[in-house]
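Student: I have a structure I would like to understand better, so I am pasting it below and will then ask my questions one at a time.
None of the figures in this text is laboratory data; all of them are computed from the coordinates on show. Note that the structure is a prediction, hence the values are computed from the model and not measured. Positions of Cβ are generated from backbone atoms using ideal geometry, with glycine treated the same way; all protein chains shown enter the neighbour counts.
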Amino acid sequence: MVAIHTNPDTRQKLEILSSDAQYDLACACGTSDTNRRIRGQGDRWIYPVTLPNGGQSVLFRTLISNVCANDCKYCPLRSNQDLRRCVMEPEETVNAFMEYYRARKVFGLFLSSGVTVTPDRTMDRVYFSAYQRGLGDASLPGESSVSPDEQILTREHRLYQVDWLLRKYGFQAAEIPFTESGNLSATLDPKEHWASQHPERFPVDINRADRLELLRVPGLGPALVDRILQYRTQHGAIQSLDRVAKPNKRLQKASSFLKF
Ligand code: SF4
């Protein structure tokens with residue numbers, strides 16, 4: 001018998017790589033079972049997500065490569081596993097994403113990858129993934145851990161929130177609050193936790209505060225802060241947050257930290 005091997009085309013690669021991407025679930029998941037880790041019903045590389053600021057979006061989600069030089073015992077893609085392996089070329093990835101983006105089926109791109117050359121080269125972007133029991137080597141402590149999934153996933157979410165505080169909200173690493181056990185709070189998001197330790201910084205005057213001061217207010221994200229600043233420039237004083245956004249729980253929370 002003669003075996004015929006064919007190189008997968010882009011669609012076939014997406015099938016393989018998006019299937020293998022199921023193990024490192026998309027960033028910034030929400031904190032309830034209803035709003036995280038839900039996949040699109042059609043193409044498996046379309047992925048609804050909840051953003052750290054509470055907003056919703058849809059990502060084009062795939063691995064760039066399921067080829068990996070490493071053999072991490074907890075990982076189903078570890079090098080000693082017998083898998084069909086492939087790599088998306090940069091141009092293939094861009095073209096596939098842009099096709100979906102132009103059709104307004106996705107609004108962002110989330111890529112991850114096995115280690116193709118060196119870990120440093122591969123891990124240029126931040127990525128956190130909660131431990132997933134049942135996929136790794138049985139000898140690992142995580143496989144028999146009794147921590148509830150809810151707790152593990154919330155901790156993953158907290159890491160993404162901290163990442164946003166550092167990259168988008170002007171926080172310094174030394175300002176990130178931890179509990180007495182040295183962990184991020186399971187019950188308060190990191191900005192709210194920080195605010196609870198700094199009552200002297202509140203209430204913030206919504207009509208005088210600068211961008212960085214407003215970004216410190218729990219419930220306010222960069223987009224809303226920009227709308228507040230724009231409203232102030234165009235219309236003058238803001239009497240209520242209803243002027244810049246529809247009322248919701250986040251605005252309600254923000255209002256309690258603001259002075260009008
Ligand atoms: S480096 Fe990443 S993809 Fe490779 S085996 Fe380890 S966890 Fe899996």
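Student: For region 131-188, which chymotrypsin sites (Phe, Trp or Tyr not before Pro) are both in a DSSP coil and crowded by at most 13 other Cβ atoms within 10 Å?
Tutor: Phe178
Student: Taking a threshold of 23 Å on the Cα-Cα distance, which of the pairs Lys73/Lys168; Lys105/Lys191; Lys191/Lys253; Lys191/Lys249; Lys13/Lys105; Lys191/Lys259 fall above it?
Tutor: Distance filter (> 23 Å) returns Lys73/Lys168; Lys105/Lys191.
Student: In region 143-216, what trypsin sites (Lys or Arg not before Pro) fall in a loop by DSSP, with at most 13 other Cβ atoms inside 10 Å?
Tutor: Filter output for region 143-216: Arg208.
Student: Taking the Cα centre of region 198-259 as origin and charging only Cβ (+1 Lys, Arg; -1 Asp, Glu), how large is the dipole, in debye to the nearest 20?
Tutor: Dipole size: approximately 200 debye.
Student: OK, next. Answer with one residue from Val146, His157, Thr122: the one whose Cα lies farthest towards the positive end of the charge dipole of region 80-158, charges on Cβ with Lys, Arg +1 and Asp, Glu -1.
Tutor: The residue sitting farthest along the positive end of the dipole is His157.
Student: Relative contact order for the chain: what is it in percent, counting Cα pairs under 8 Å that are at least 6 residues apart?
Tutor: 14 percent
Student: Which angle from 0 to 90°, rounded to the nearest 10, does the C-alpha axis of helix 10-20 make with the longest principal axis of the chain?
Tutor: Tilt relative to the chain: about 70 degrees.
Student: Ignoring solvent entirely, what values of log10 I(q)/I(0) come out of the Debye formula for region 198-259 at 0.12, 0.19 Å⁻¹ when each Cα is a single scatterer?
Tutor: -0.23, -0.61
Student: In debye, nearest 20, what is the charge dipole magnitude of the chain about its Cα centre with +1 on Lys and Arg Cβ and -1 on Asp and Glu Cβ, if you could check?
Tutor: Dipole of the chain, to the nearest 20 debye: 960 debye.
Student: Run a plain Debye calculation on the chain (Cα atoms as equal point scatterers, no solvent) and give log10 I(q)/I(0) at q = 0.09, 0.11, 0.14 Å⁻¹, rounded to two decimals, same order as the q list.
Tutor: For the chain, the Cα-only Debye profile gives -0.52, -0.74, -1.08.
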